[in-house]
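Below you'll find the structure, written out as structure tokens, and then a few comments.
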There are 2 protein chains.
Amino acid sequence: MPSQQVAIDRVFHALGDPTRRSIVEKLSSGPISVSRLAKPLEITLAAVVQHLRVLEESGLVRTEKIGRVRTCRIEPRGLTLAERWISERRSLWERRLDRLGQFLVEEDEGRS
Amino acid sequence: MPSQQVAIDRVFHALGDPTRRSIVEKLSSGPISVSRLAKPLEITLAAVVQHLRVLEESGLVRTEKIGRVRTCRIEPRGLTLAERWISERRSLWERRLDRLGQFLVEEDEGRS
DNA sequence: CCAATACTTAAGTGTCCGCTTGACAATCAA
DNA sequence: TTGATTGTCAAGCGGACACTTAAGTATTGG
């Protein structure tokens with residue numbers, strides 16, 4: 001299923017915006033309502049809601065509305081996805097360096 | 001120091017584009033020239049160069065020109081920055097859950 | 001020297017995106 | 001009920017951004 005790609009795409013796109021990252025930062029220290037989330041940010045509540053939509057669709061945030069208050073909390077799924085993508089690239093890159101290093105050592109040994 | 005924030009911003013912005021991520025993916029399995037990098041991508045070489053500029057400024061990629069060939073390789077600094085940002089959010093979030101869990105347990109013990 | 005290769009640079013274009021405004025809906029408190 | 005709070009929806013604006021085209025530079029092989 002190629003939808004993993006889509007998911008990764010959504011996550012990184014979501015994290016690409018500084019305002020959305022600051023929302024994630026805020027949320028990582030506890031759930032909070034939309035309006036309280038908007039307070040410290042110098043943009044409209046409507047804009048915050050739009051960001052939340054993106055964050056929710058990317059699996060970075062989960063929200064739940066009770067009464068007139070929508071409470072937002074962090075959803076680890078999205079972060080995990082991004083983290084895994086990065087560590088996969090890194091391990092590929094490190095494995096390559098290992099092979100290269102070993103090759104150089106072996107070549108040196110043979111040259112004695 | 002122009003703040004870690006700016007650097008983080010650049011990295012996540014760079015990773016926000018799917019083409020740039022695919023460049024990073026390609027590069028994580030070894031250095032390669034600009035034109036060979038462009039081959040499988042269905043965009044102009046000029047566009048690839050522009051992406052490379054962004055990637056280089058974000059510390060995700062390093063390039064070096066020898067003769068008429070510019071060779072691109074991955075630079076771990078950028079990835080590390082992104083990885084750390086994520087793991088910091090996660091650990092904050094997990095610590096919070098721990099405190100919450102402990103609170104619930106203690107409350108339950110007191111209620112016996 | 002000449003042609004091919006491998007970029008580089010600048011300018012223009014269309015699209016996406018973040019944001020605002022304004023009108024509306026739903027819930028709560030007095 | 002009335003007014004305040006909390007959020008929703010739709011439309012539109014302006015700028016950022018990915019991409020192309022086109023012309024130019026530098027390097028290399030024959």
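The values are calculated or read from the model by the stated rules, or taken from the named source; none is laboratory data. For clarity, every value in this text was computed on a predicted model and none was experimentally measured. Positions of Cβ are generated from backbone atoms using ideal geometry, with glycine treated the same way; all protein chains shown enter the neighbour counts. These accessible areas exclude ligands, DNA and RNA; they are computed on the full protein's heavy atoms, side chains included. Shrake-Rupley method; radii C 1.70, N 1.55, O 1.52, S 1.80 Å.
Things worth noting here:
- Gaussian network model of chain B, springs between alpha carbon atoms under 10 Å - residue of B:Val11, B:Val61, B:Val69 with greatest fluctuation: B:Val69
- Residue by residue, the stretch A:80-88 carries 3J(HN,Hα) couplings of 4, 4, 5, 4, 5, 4, 4, 5, 5 Hz when phi is fed to the Karplus relation 6.51 cos²θ - 1.76 cosθ + 1.60 (θ = phi - 60°); x denotes Gly or Pro.
- The stretch B:4-112, accessible surface, carbon-and-sulfur percent (1.4 angstrom probe): 50 percent
- Plainly put, the tip 7 Å out from Cα toward Cβ on A:Gly67 is 7.3 nm from that tip on each other copy, the closest given first.
- Averaged per residue, chain A has 62 square angstrom of accessible surface, using a 1.4 angstrom probe with ligands and nucleic acids left out.
- For chain B, a crude dipole built from +1 on the beta carbon of Lys and Arg and -1 on the beta carbon of Asp and Glu, taken about the Cα centre, is about 860 debye to the nearest 20.
- If you wrap the stretch B:3-79 in the convex hull of its Cα atoms and look at it from every side, the mean projected area works out to 4.9 nm².
- Accessible area buried between chains B and A, both sides summed, probe 1.4 Å, in Å² to nearest 100: 2800 Å²
- Value of Rg/Rh across the protein assembly as shown [Cα atoms, Kirkwood radius]: 1.08
- Karplus 3J(HN,Hα) series, Hz, for the stretch B:53-60 with 6.51 cos²θ - 1.76 cosθ + 1.60 (x for Gly, Pro): 4, 4, 5, 5, 5, 8, x, 8
- Straight-line reach from A:Lys26: taking Cα to Cα under 29 Å and skipping same-chain neighbours fewer than 8 places apart, the lysines in range are A:Lys39, A:Lys65.
- Nm distances between copies for B:Ser22, ranked from closest, using label points 7 Å along Cα→Cβ: 3.4
- Its relative contact order, with pairs defined as Cα atoms under 8 Å and 6+ residues apart, puts chain A at 26 percent.
- Amide proton proximity set for A:Glu75, modelled H, under 5 Å, gap of 5+: A:Val61, A:Arg62
- Structure remark: mean-square fluctuation, Gaussian network model of chain A, C-alpha springs under 10 Å; the largest value among A:Arg62, A:Arg53, A:Arg90 belongs to A:Arg90.
- Placing pseudo-labels 7 Å out from each Cα toward the beta carbon at B:Asp9 and A:Gln102 gives an inter-label distance of 4.4 nm.
- For A:Gln5, the point set 7 Å out from Cα toward Cβ sits 3.6 nm from its twins in the other copies, listed from shortest up.
- Within the listed set A:Leu97, A:Leu81, A:Leu41, the Gaussian network model of chain A (springs between alpha-carbon atoms below 10 Å) gives the highest mean-square fluctuation for A:Leu97.
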